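Structure first, then comments.
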Amino acid sequence: MTTDIVLNIAYVDKSFSGLHALKDVNLQVEKGKTHAIIGPNGAGKSTLLNVCIGRLAPDRGTVTFNGEVITGKSAHEINQAGVVRVFQTPEIFHDLTVLENVMIPALATRDGSFKLNPFVRMDAETDILREAEQALEEMNLLEKKHMHAATMSRGDKRRLELAMGLVQHPQLFLLDEPTAGMSRADTNATIASLQHIKERGMTKVIIEHDMQVVFSLADKISVLAQGQIIAEGTPDEIRGDPRVQEAYLGGTHHE
Ligand code: ADP
Ligand code: MG
């Protein structure tokens, strides 16, 4: 294996009480690349991500991150190692401001703990404040930093969640359908923000239904259908692959 493989998923199998969700999945993510995983609903995409971040244990197979086997480690340990995931449904603190939402994961990353120290004075944390503002700037949310998170639009909430991920300085950023439920305008704004962080050379895995997002951002695409990788290649290769059109466009999803 070459040294520039950040994530190596090898022979991963996972069943849920009889349902075979992942079947012998092999996938390699190269450093600095944006690797998209596409496929119809129920294909096993989120399950695969959950295996990578330690939320689910595979029945068989291993996941290696930067040359180290992470299968069996806790979700917290994997996160501390630099694997950051943004969830399919936004997990934000609705009662806090936009800026506070981003300061919390920044503090957690610095202190190595998810438990917020009640004695921390947010307004005294100038470095954390600056980092949080940078992440908001990258997601084009800086002008909204004093807004209550609860009052944001759905698209802004999802970009806020991306900023909360970015502020953790991911070595591997895993995004589960970052534009799900967004309007076309919000989707385009999110593509622009993701393109911007792509230029910084961040390694990303992105699960996405929206073909416009996939084709604008991905260097490589793996297609998952019924728990199996059925095709892999560049966006051009995948676009023209009849197996993909059959499995993906023949699936339950409609744009
Ligand atoms: P995708 O993200 O591609 O839509 P998922 O990984 O969420 O697919 O699901 C793959 C299959 O596994 C689906 O049939 C789903 O119902 C099933 N599944 C996912 N998580 C669980 C679970 N915790 N328990 C039982 N079945 C599950
Ligand atoms: Mg999913």
- Item | Single match in 125, 161 (criterion: outside the structural domain of residue 198 (by TED's automatic domain parsing) and under 22 Å from residue 204 (Cβ atoms)) | 161
- Message: Can you say whether residue 204 is closer than 24 Å to residue 67 by Cα and part of a helix (DSSP H, G or I), as far as the supplied structure shows?
- Response: no
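With the range 9-111 as the region, which helices (runs of 4 or more DSSP H) entirely inside it contain at least 3 residues that are of a type outside the set (Phe, Trp, Tyr) and more than 25 Å from residue 221 (Cα to Cα)? Full working, then the answer.
Working: elements: 45-52, 75-80, 98-111.
Output list reads 75-80, 98-111.
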- How many residues are surrounded by fewer than 23 Cβ atoms within 10 Å (Cβ to Cβ) and either within 9 Å of ligand 2 (Cβ to nearest atom) or among the hydroxyl-bearing types (Ser, Thr, Tyr) (or both) when one looks only at the range 35-44? 2
- Message: Of everything in the range 118-175, what is over 18 Å from residue 95 (Cα atoms), hydroxyl-bearing (Ser, Thr, Tyr) and within 21 Å of the chain's Cα centre (by Cα)? Give them in sequence order.
- Response: none
- Query: Restricting to the range 196-223, what's the tally of residues that are within 13 Å of the chain's Cα centre (by Cα), away from ligand 2 (no atom under 16 Å from the Cβ) and more than 16 Å from residue 32 (Cα to Cα)?
  - Reply: 0
- Could you list, in sequence order, all residues of the range 50-68 that are of a type outside the set (Gly, Ala, Ser) and either more than 20 Å from residue 87 (Cβ to Cβ) or near ligand 1 (Cβ under 8 Å from one of its atoms) (or both)? 50, 56, 59, 60, 62, 64, 66, 68
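Just for the range 31-48: of the residues that are farther than 13 Å from residue 229 by Cα and of a type in the set (Gly, Ala, Ser), which one is farthest from ligand 1 (Cβ to nearest atom)? If you could, list the steps in order and put the result at the bottom.
Going through the range 31-48, the residues farther than 13 Å from residue 229 by Cα turn out to be 31-35, 41-42, 46-47.
Applying the additional criterion that residues be of a type in the set (Gly, Ala, Ser) yields 32, 42, 46.
Working: 32: 25, 42: 4, 46: 3 Å.
Result: 32.
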- Message: Whether any residue in the range 69-85 is surrounded by 15 or more Cβ atoms within 10 Å (Cβ to Cβ), within 16 Å of ligand 1 (Cβ to nearest atom) and either within 22 Å of residue 232 (Cα to Cα) or at pLDDT 95 or above (or both) is what I want to check.
- Response: no
- Restricted to the range 156-205, and to residues that are in contact with a Gly (Cβ under 9 Å, 6 or more places away or on another chain) and of a type in the set (S, T, N, Q), which residue is surrounded by the fewest Cβ atoms within 10 Å (Cβ to Cβ)? 183
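Just a yes or no: is a residue in the range 234-242 under 23 Å from residue 20 (Cα atoms) and touching a helix residue (DSSP H, G or I) at 6+ places or on another chain (Cβ under 9 Å)? Before the answer, list the steps.
Kept after step one, since they are under 23 Å from residue 20 (Cα atoms), are these residues of the range 234-242: none.
No, the range 234-242 contains no residue that is under 23 Å from residue 20 (Cα atoms) and touching a helix residue (DSSP H, G or I) at 6+ places or on another chain (Cβ under 9 Å).
The values are calculated or read from the model by the stated rules, or taken from the named source; none is laboratory data. Model, not experiment: these values are computed from the prediction. We place every Cβ from the backbone using ideal geometry, glycine too, and count neighbours over all the protein chains shown.
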